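Below is one structure, written out as structure tokens; the observations come after it.
None of the figures in this text is laboratory data; all of them are computed from the coordinates on show. This structure is a prediction, so every number in the text was calculated from the model and none was measured. Cβ sites come from the backbone with ideal geometry, for glycine too, and all protein chains shown count toward neighbours.
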Amino acid sequence: MIQLTNVTKVYGKSAHPSVDRLNLSVPEGCVYGFLGPNGAGKTTTIRMITGALKLTEGTITVGGVDITRDPIGAKMQIGFVPDSQDMYDKLTGWEYLNFMADIFGVDAKTRKERADRYLETFELTKAAGDRIQSYSRGMKQKISVIGALIHEPPVWILDEPMVGLDPRAAFILKEEMKARAQAGATVFFSTHVLEVAEKLCDRVGIISKGRLLAEGTPEDLLNRTGDHSLEEVFLEMTEKDAEATDEK
Amino acid sequence: MKNYWILTRLMLKNTLASMNPMAQGEDDGKKKGGKGRALLLIILMLYGVGFMIWFEIQIYNATAAMQNPLLLPGLAILLGMMLTLVLGLFQGLSELYQGKDAPFLAVLPVTSRQAFAARLTSLYVSETAINAMILFPAFILYAIKSGKALPTVLTAIPVWLLLAIIPLSIVALLSALLMRLAFFSRHRETVVMILSFGIAIGYSIFITRFNSRSNEDPNAYFNAFLNNGLVDNFARIFPPAGWAAKAFAGNVGMLLLLLGVSAACAAAVIALVGPSYIEQALSTGESTVTAKSSKSDADMRTGTLFRALHRLEWRRVLRTPAWLFNGLAGVVMYPLMLGIGVISGFSSAPEGSQLPDLMKIIPSPCYIICFGGLLMAMGSMVNPVVSTAVSREGGCWPFALALPVRQQDRFTAKLIVGIEISTLCSTLIAIVAWVLTRVNPLILLCALVFTLMINIAVSAVSLWHDATHPHFRWANETEAIKKNFNQVFGMLYWLAAIALCCIPLFFWLDKPVLLMAAMIAIAAAEMALGLWLLYRTANRMNMMEE
């Protein structure tokens, strides 16, 4: 599971925190959607959870391991799919997967079996011998997803995973996310596609200006606000937050 | 024509912006030492220009005493043209064909010829700026000392402006030929690399053989060169340099010839290479490794964490043409050029003054270890791979930090690759030195151990600097290494390491054993300091960004 307690991030000498006393608890077997407008603090939060960014205050534990105190132990439990298309694209698909397997200490037999399986699932087997630099955006996203799954992590974190994927690939990814959660893993992802969040997530959190505005199951949020869709909930909450900030 | 100007302006602005030391280090909105970099750049420029002026004054005084004051500007002209021709081949390849903007150019409503002309102009401007630093001190000195200020200005400006055109046209043509030859290869980058090294080395051998054939007695040759053979010698080495030298001396006919040939060369290369330029630049970015029908066991061989990181570093350097050219070119070229230069220098020396004979009069092998070691340590000066190792991660850095890898392990992999490259250069120098001098290999091995200490020290400090002041926001792979100010810091650290090792020379020059012991002790201390600095930072970084 992922646990964030009073997590705050202030960049440099900025007066405004990018993430402000954030508390979150994502249990095992849950698909958690992290929603928010551009610049809300989603990627900053994800970078702190994955141990790429120092926390200014607070604590984060991944599978019970404190990311600050034992970063290696915490990171070993994470499979991370970044939002950026920047990756080690001079490697071939095979070499990239082998690199990830080496980093996470996956034995030879298991890595072959998993690589074959996921490459077939994501329909990338034929391109695996090519350098990643020759891949399309969607193919890069797929190899990144497979790289994050090669050690079948108990915690899977995806930053804007649907970007660049065609409908079929997006469907396969959503099915995989559900399957991972059903197998007991924690799946945490950020997205702008609210329909995806509404259909896929067990719980969602809405963040704006670094603060958590609302959190719960999609049904909870709809009942709480009386809205008909997650999109309406999202727009209402973020607009209210923007107005409150303007008044201040 | 309008499109050509717009593109040229854009490319020049981009080049200037990427070279701006104030802008480097602005990652995540934080300015890191921009003012410090700018100050350092100014100091370095003042130092460089100051050194050049001092050096040229010495040459002018020597040549003026021999009644040949035109030698200095002539040498500067030759140097400018040669640098553009030889070094321009590597720069031309990476600037013309290895930028990431080919897809951007391809969709613009401009012709391939306009895009090529704009790129060539941008390259011309940067080469002409470099030439200004070489030519102007010599021209100004000549104008002052000879009292011919106005005629000098009238000839110097057009010569300066025309100087880079012919060599650049040759470079552009050769680059296009290389890319075309390599197009059908599965290992395109390697083919281009080998061919371009071959051209540069072949040209160097041609020049040295040509010169050494022209005169059997080097002293007579040198006197002839100084007193009456100046322009002819230039013309023999590279005819346009001869025309430029004569044009500078006031020969209007030669100036017109230089102008005409320059214009013809530029027009010809634009007409020949221009139409297929974008297509070729696009093909360079394509993957050169084709899909395998099935994977082999080697594809999924298990390895340790260090091996995975080490292999990743090497693969990225070897498969990124811009990093391969700029990172390994000097490492391979420097020993070879050194060898060719020394061979040509001694090839016509009289019996008894050949290098192996000269080595016999050195009183102690300790001197060979000390000075040979310092010479071989040049390997870490010409190695920008380690001083840009963290910056070259670029947008991959946040992902790299999310991996369960200790910063120490990551830095060790980068450091080892840097040391391997520097030591490759040092070893090549040692081999060249052995071939030339036939010194006992054990002595050379000892010198190599001394060099290794310096290489480790310089690599560790350079990597520490890049880790603490990374430049992640580069637009293309060439910028990541070539326009990264951290590689200048790498050279400065090398200079500092060598300077410190030279301190014992002032005290114990006549006591070889003591001198060697002191120099090795200093190198060991530098190595320990460098490693301590690097790993202390790695511990503090705790794998996370601030």
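So here's what we get for this one:
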read-out: Long-range Cα-Cα pairs in the stretch A:1-157 (distance over 29 Å), rounded percent; value: 25
read-out: At 0.692 mPa s and 37 °C, Stokes diffusion of the stretch B:308-541 via Kirkwood alpha-carbon radius, µm² per second; value: 176
read-out: Fewest-first sequence of B:T423, A:T50, A:T110, A:T238 by Cβ atoms within 10 Å of each Cβ; value: A:T110, A:T238, B:T423, A:T50
read-out: Candidates A:A128, A:A197, A:A183: whichever shows maximal mean-square fluctuation once chain A is modelled as a Gaussian network with Cα springs under 10 Å; value: A:A183
read-out: For chain A, built as a Gaussian network whose Cα springs stay under 10 Å, the top-fluctuating residue of A:A148, A:A115, A:A127; value: A:A127
read-out: Ascending count of other beta-carbon atoms within 10 Å, so fewest first, for A:D241, A:D166; value: A:D166, A:D241
read-out: Low-density loop cleavage sites - trypsin sites (Lys or Arg not before Pro) in the stretch A:1-50, where at most 11 other Cβ are within 10 Å (DSSP); value: A:K13
read-out: Low-density loop positions, trypsin sites (Lys or Arg not before Pro), the stretch B:431-516 - DSSP coil, at most 15 other Cβ in 10 Å; value: B:R438
read-out: Per-residue HN-Hα couplings for the stretch B:418-433 [Karplus 6.51, -1.76, 1.60; θ = phi - 60°; Hz; x = Gly/Pro]; value: x, 5, 4, 5, 4, 6, 4, 4, 4, 5, 4, 5, 4, 5, 4, 4
read-out: Acute angle (nearest 10 degrees) that the helix A:93-103 long axis makes with the longest principal axis of chain A, alpha-carbon atoms; value: 70
read-out: In sequence order, calculated HN-Hα J values of the stretch A:129-137 (Karplus, 6.51, -1.76, 1.60; Hz; x Gly/Pro); value: x, 8, 5, 4, 4, 8, 7, 6, 4
read-out: With Cα atoms, 0 to 90° folded angle of helix A:108-121 axis to chain A main axis; value: 70
read-out: Above-threshold pairs, the threshold being 22 Å between Cα atoms, out of A:K126/A:K178; A:K142/B:K414; A:K142/A:K178; value: A:K126/A:K178; A:K142/B:K414
read-out: Extension gain from A:N223 to A:Q182, taking 0.36 nm per residue of separation minus the Cα-Cα distance; value: 12.2 nm
read-out: P(r) tail fraction, the stretch B:80-141 - alpha-carbon pairs more than 20 Å apart, %; value: 38
read-out: Efficiency of FRET between A:R211 and B:N14 - r from beta-carbon atoms, R0 41 angstrom, step 0.05; value: 0.55
read-out: Interchain or long-range residues, amide H under 5 Å from A:A185's placed H; value: A:G29
read-out: Proportion of all alpha-carbon pairs of the stretch A:8-67 beyond 13 Å (%); value: 65
read-out: 5 angstrom amide H check on A:L213, placed H, neighbours 5+ away; value: A:I206, A:I207, A:S208
read-out: Built amide H within the under 5 Å cut-off of A:G63, gap 5+; value: A:I2, A:Q3
read-out: Neighbour-limited loop hits for trypsin sites (Lys or Arg not before Pro), the stretch A:63-153 (at most 15 other Cβ within 10 Å; DSSP other than H, G, I, E, B); value: A:R69
read-out: Sequence-separation-based contact order of the stretch B:418-546, relative, with Cα cut under 8 Å and 6+ spacing, percent; value: 33
read-out: Percent RCO, i.e. relative contact order, over the stretch A:87-152, from Cα pairs under 8 Å lying at least 6 residues apart; value: 53
read-out: Fewest-first sequence of A:F34, B:F472 by Cβ atoms within 10 Å of each Cβ; value: B:F472, A:F34
read-out: From the C-alpha gyration tensor of the stretch A:87-152, square roots of 5λ in Å; value: 18, 12, 10
read-out: The stretch A:91-248: equivalent-ellipsoid semi-axes (sqrt of 5 x gyration tensor eigenvalues, Cα, Å); value: 36, 16, 14
